[in-house]
Amino acid sequence: MLAALSISITGIHCRRGLLLAAVGLLSQQAAVGQTVPTTPLTLPQVLEVAQTTYPTLRARQAAVEAAAADVRTTRANYLPQITMQAQALNGTSNQVRGAALGGGAIPISGVRPDFSSQTTWTSQAGLAVEWPVLTFGRYQALVQRANTGVAQAQADYEKELFARQVQVADAYLLALVAQKSVALQAANLKRAQALRTVIRAGALSGIRAGIDSSVTNAETSRAQLQLLTSQQQALQQRVRLAGLLGVPTQAIQLDSMQFYTKLPNTAPAISSDTTRLPPILRAYQQRIRASEAQTNALRMNTRPTLSLVGATWGRGSGIGNRAGENGAFAIDPALSAGIPFKAYNYVLGASLSWNVTELWRTKYATAAQQQRVNQAQAEYAQQTLQLQMERQNAVLQLELARQTTKEAPLQLDAAKRAYVQAKARYDAGLDNLVVLTQAAVVLNRAETDQALAVNNLWRALLLRAATNGSLSVLLDQL
């Protein structure tokens, strides 16, 4: 999550290539004849868009809803189980005396002194109720396991959401510095073009040497190439931002807000309270709790279950109730004789069931699950250690960025004065064009470094906020 920021503030001059990656999407869209939104997006708005549109976040939200449904399912499993059945059968009435292991596959029918294939209708309807009123802790353990599943899914969603917010905010800041750089490179090109116009006129009139005109043409082309390169790379930053928002084809306008008008206050970030667990640690913590709940649920499988049971049913048959003189029961094959009920019954009672073999199976299953708990605890410890190192690095990066923002304006002020002086001396014929050209390069570099220093301070503040687990220290200053 935090590695995605990849802030390197220690060498500000090494990042000049990034500042060359600046382009305004307005210029790009105008070139291809497309329409862009007229309202720029602020950083809070961009974070809100990412939260509602990114597919991964929607998937995490669905996982939370599914876990909540699992809780309702677990509770419903321990409600009274009501079974209703009705049947009408036409079959033979043969039966032999003796023991049989009933499995429900072979029906038992009427009694005859002989064997006959004559058929008759029979009917039955019944209602059975079973309610596990006492599970000796199994029900509570399963509900607790389901509830920890909801907490784990919610923690995973919050972790994914926070990681996405950090990535989107970083991409937003990179796109902003590209947008700022496009103006700097355009200004640099405008200076080169103005100087070329003056020197070309002087060369044509014989006041300036012809080589000066050639040099300014080369410098103008170089400025143009810098602008084109920055446009290409800045477009990549916008594509990355749009992809993180889940809308790759959307044209985006950015609102720089206060990012280049004032520096952020870094003191609250350095002294932030870290007692509240960041989302990533809360997610790992919930994994431990979910594993422990699963272990407890497995242990409960060794407990018995006490259920209240009750049933009522009616039977009808086409076989007579009394035997004839020959000892046989009369059989009436008519449907009207077999469908009406002749007898009604009911039973009430309690049932205690205990699967003794679960003692052995649960022993091994619990041992395996305990190792998963140990694994989750080790992963939590590793993530805690990594986060501590990232916090220390973030504090150092923030302090270095703050110092850089103090030095960059001094460089820019000196570069501006040097350019003005070099131009005045060149116009007076006291210096050659090489000195003026070098002063223009130094000015462009100082403008670039100033913009990058300010942007890096905001990104360092974002990195510190990410290690704290909350972006409020950044968003509260906007």
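The values are calculated or read from the model by the stated rules, or taken from the named source; none is laboratory data. What you are looking at is a predicted structure, and each value in this text was computed from that prediction instead of being measured. All Cβ positions, glycine included, derive from the backbone under ideal geometry; neighbour counts span all protein chains shown. Ligands, DNA and RNA are stripped out before the accessible areas are found, and what is left, the full protein with its side chains, is counted by its heavy atoms. Shrake-Rupley method; radii C 1.70, N 1.55, O 1.52, S 1.80 Å.
Say whether the condition of being surrounded by 14 or more Cβ atoms within 10 Å (Cβ to Cβ), out of contact with any Gly (no Cβ under 7 Å at 6 or more places or on another chain), among the hydrophobic types (A, V, I, L, M, F, W, C) and at pLDDT 90 or above is met by at least one residue in region 31-41.
no
With the condition kept exactly as written, say whether any residue in region 355-374 is under 30 Å from Q87 (Cα atoms) and assigned to a helix (DSSP H, G or I).
Going through region 355-374, the residues under 30 Å from Q87 (Cα atoms) turn out to be none.
The answer is no; no qualifying residue exists.
Of all the residues that make up region 227-259, how many are closer than 14 Å to L47 by Cα and modelled with pLDDT under 75?
Qualifying residue count for the region: 3.
Open to solvent by 90 Å² or more (accessible area, probe 1.4 Å) and over 14 Å from I280 (Cβ atoms) - does that describe any residue in region 378-389?
no
Take the conditions out of contact with any Leu (no Cβ under 9 Å at 6 or more places or on another chain), in contact (Cβ under 8 Å) with a residue 12 or more places away in the chain, closer than 30 Å to I319 by Cβ and surrounded by fewer than 19 Cβ atoms within 10 Å (Cβ to Cβ) and apply them to Q118. Does it pass?
yes
Assuming R425 fulfils every condition listed in (1) part of a helix (DSSP H, G or I); (2) under 30 Å from Q167 (Cα atoms); (3) open to solvent by 50 Å² or more (accessible area, probe 1.4 Å) apart from one, which condition is it?
(2)
Would you mind telling me which numbered condition in (1) open to solvent by 50 Å² or more (accessible area, probe 1.4 Å); (2) modelled with pLDDT of 90 or more; (3) assigned to a helix (DSSP H, G or I) A68 fails?
Tallying (1) open to solvent by 50 Å² or more (accessible area, probe 1.4 Å); (2) modelled with pLDDT of 90 or more; (3) assigned to a helix (DSSP H, G or I), A68 fails exactly one: (1).
Assuming G349 fulfils every condition listed in (1) farther than 22 Å from T305 by Cα; (2) in contact (Cβ under 8 Å) with a residue 40 or more places away in the chain apart from one, which condition is it?
The single condition G349 does not satisfy is (1).
Has region 412-420 got at least one residue that is of a type in the set (V, I, T), over 44 Å from the mean Cα position of the chain (by Cα) and closer than 30 Å to Q438 by Cα?
For region 412-420, residues of a type in the set (V, I, T), over 44 Å from the mean Cα position of the chain (by Cα) and closer than 30 Å to Q438 by Cα: present.
Does Q224 satisfy the criteria of being open to solvent by 20 Å² or more (accessible area, probe 1.4 Å) and at pLDDT 85 or above?
yes
Could you tell me which of the residues A163, A169, A175 is closer than 30 Å to E65 by Cα and surrounded by 23 or more Cβ atoms within 10 Å (Cβ to Cβ)?
A169
Given the residues A466, A439, A414, which is the only one that is at pLDDT 95 or above and assigned to a helix (DSSP H, G or I)?
That would be A414, the only listed residue that is at pLDDT 95 or above and assigned to a helix (DSSP H, G or I).
Among all residue pairs at least 6 apart or on different chains, which show Cβ distances below 6 Å where the first residue, located in region 369-394, is closer than 17 Å to R464 by Cα and the second is crowded, with 16+ Cβ neighbours inside 10 Å?
Q383/Y284; E390/L2; E390/T467; R391/T467; A394/L463; A394/R464; A394/T467
Could you please tell me which pairs satisfy a Cβ distance under 7 Å, a separation of 6+ or placement on different chains, a first residue in region 78-99 that is assigned to a loop (DSSP other than H, G, I, E, B), and a second residue that is open to solvent by 90 Å² or more (accessible area, probe 1.4 Å) and of a type outside the set (D, E, K, R)?
Pairs found: P80/W131; N94/F115; Q95/I108.
Only one of these is modelled with pLDDT of 95 or more and within 24 Å of V49 (Cα to Cα): Q179, Q154, Q165. Name it. First the steps, then the outcome.
On the way: Q179 fails: modelled with pLDDT of 95 or more; Q165 fails: modelled with pLDDT of 95 or more.
Residue meeting the stated conditions: Q154.
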